[in-house]
Structures are given as structure tokens and as C-alpha cells.
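Please read the structure below before turning to the comments.
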Amino acid sequence: GPAFAAGYVLLFLFIIAQFYLGTQFVHFRSRIAKITDERVTMISQAVAGIRVVKMMGWELAFVDKIKKIRQRETSEIQDGAKLKAWNEAIFFATNLTVSAVIFFAHIYMGYHLTPRQVFTTFTLINIVQLT
């Protein structure tokens, strides 16, 4: 009934949020890959030209450059991990939150909950969320 419709709308909003976070995570992964490639290239150049680097005393300059690139990379990885954590938190909280909204709406409209309605609601929410 109307209570399930309210929960279904909320479920749809959660799915949209998860989709958005997923697309943002893809963008983070591509930026991280570029930064990682930049860092690996810098290290490869330093190793390939180690004699020149040592002879000219550029060790600290290379170390500083590599550290800065690694800090950017680590920062992007942390931001991506935060997005992934939010996405997973939404996924695991969705079932309980949507069910609670459905039950509160059902009770607010003056109906009584039965165990049959509760179990049926949980089953339907699980099916809808996982498909």
C-alpha cells in the first residue's frame, strides 16, 4: 500500500545515491592510476639514470619529487576509500532504514503490524535491493 510506496521511494533514492558514489569512485580510480603512473615513471627514470643522479647530487630533489607525487596519490586513495565506505554504509543501512520507514508509515496510517507483514516486507526489500 501507501506505506510500501513511501519505502520504495526511499529505496530508489538510496540506489541513486549509490550509483552516484559509484561513478565518482570510477573517476577517483582513473585519477589515482594517472598519479601512480607518474610516480612509477619518475622512479624508473631515477633508477635508469642513477649514475647521473648520484654524480650531480640530485638524490634529494628526486626523493622530494617522488614524495610529493606519493602524497597526492595517497590523498586520492583515501578520498576514494571514503567514497567506497559511504557506498557500502548506504548499502547495509538501506534495508533497515527502508523497512523502518515502511513500518512507521504503516503504523502512522492507523494500521497494525503483523509478523507476516514484517517478514514479507523484509523479503521484498531484500529482493528489490539485490536486483
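Some notes on this structure:
- Pairs of Lys in the chain closer than 22 Å at Cα, counting only those 8 or more apart or on different chains: 9
- Take every Cα pair under 8 Å whose residues are at least 6 apart in sequence, average their separation, divide by the length of the chain, and the relative contact order is 43 percent.
- For the range 21-62, the residues whose backbone nitrogen is under 12 Å from a point 7 Å from the Cα of Arg72, taken along Cα to Cβ, are 31-40, 42.
- Among the helices of the chain, those built from whole DSSP H runs whose Cα atoms reach 18 Å or more along their own axis and whose mean Kyte-Doolittle hydropathy is at least 0.5 are 2-48, 115-130.
- Where only DSSP H runs of four or more residues are counted, the chain gives -33000 deg cm²/dmol as its mean residue ellipticity at 222 nm, each run worth -39500 (n - 2.57).
- In the full protein context, the range 36-78 carries 77 Å² of accessible surface per residue, based on a 1.4 Å probe and ignoring ligands, DNA and RNA.
- In the chain, the portion of solvent-accessible area held by carbon and sulfur atoms comes to 69 percent [1.4 Å probe, whole percent, DNA, RNA and ligands not counted].
- Equivalent-ellipsoid semi-axes of the chain, from the Cα gyration tensor, Å, largest first: 55, 11, 10
The values are calculated or read from the model by the stated rules, or taken from the named source; none is laboratory data. Not measured: the values here are computed from a predicted model. Quick reminder, even Gly has a Cβ in these numbers, built from the backbone with ideal geometry, and neighbours come from all protein chains shown. Surface areas here come from the heavy atoms of the whole protein model, side chains and all, with no ligands, DNA or RNA. Shrake-Rupley method; radii C 1.70, N 1.55, O 1.52, S 1.80 Å.
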